[in-house]
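What follows is a short report on a single structure.
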Amino acid sequence: EAGQLEFIRHEQNIGMSANFMRTFELCKTEWLWVVSDDDEIHDGAIKNILDNMNKVAKQKNVAFIKFSAKVCFVTEENKYLNDLNELIEVITTSDNYFNSYIFLTNGLYRMPYFKSEVETGYQYCNTYVPHLMMVISCMAKLNIGAKIYCSPNQVVTYTVPKMGYSYGLLA
């Protein structure tokens, strides 16, 4: 299964959002998982990710896989968000749900959908969540029928830095 998933780790600095965006430019595989330097990867995460990729492999309209988080856990199997309205309904449910969607390492991007969204991401670098803005933009394009698969699996945990910048504080 080598070559299906590209793993690009970024380091936080002043151009943090631009670094996120650069990973989308560099990716040459179907799927991209961006791992932030302050996130703890769970044992078995890669197997979990590959299992989820295989689960949606034939569903070409799945543009994004959103993994569960400690504060935003998906309990139902085969949960999909089918349009922008459903996404907005979920992320406005609570701060925890919103934070779970801006949690960069908590998502897997299907690059055929996101290569065309790189410009959108750069336009929203000032928001610190260009990756979420790309998901929103992708879901807003009704003609492509993009969906989000919400996995019940958790693959990472956000770790609060002992000192310095905390993305969680921004959220």
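Where a number appears in this text, it was derived from the coordinates with a stated rule and is not lab data. Small disclaimer: the values here were computed from a predicted structure and weren't measured. FYI the Cβ positions are ideal-geometry reconstructions off the backbone, even for glycines, and counts take in every protein chain you see.
Here is how the numbers come out for the structure above:
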quantity: Two-decimal Rg to Rh for the range 14-171 - Kirkwood Rh, Cα set; calculated: 0.92
quantity: Value of relative contact order over the chain, rounded to a whole percent, pairs C-alpha under 8 Å and six or more apart; calculated: 35 percent
quantity: Given the chain, longest segment not containing exposed loop trypsin sites (Lys or Arg not before Pro) (DSSP; at most 14 other Cβ within 10 Å); calculated: 71-140
quantity: Cross-link partners of Lys58 among lysines (Cα-Cα below 25 Å; sequence separation of 8 or more within a chain); calculated: Lys28, Lys47, Lys66, Lys79, Lys115, Lys141, Lys147
quantity: Exposed-loop-free span, longest in the chain, where GluC sites (Glu not before Pro) count as exposed if DSSP calls them loop and at most 16 other C-beta atoms lie within 10 Å; calculated: 78-171
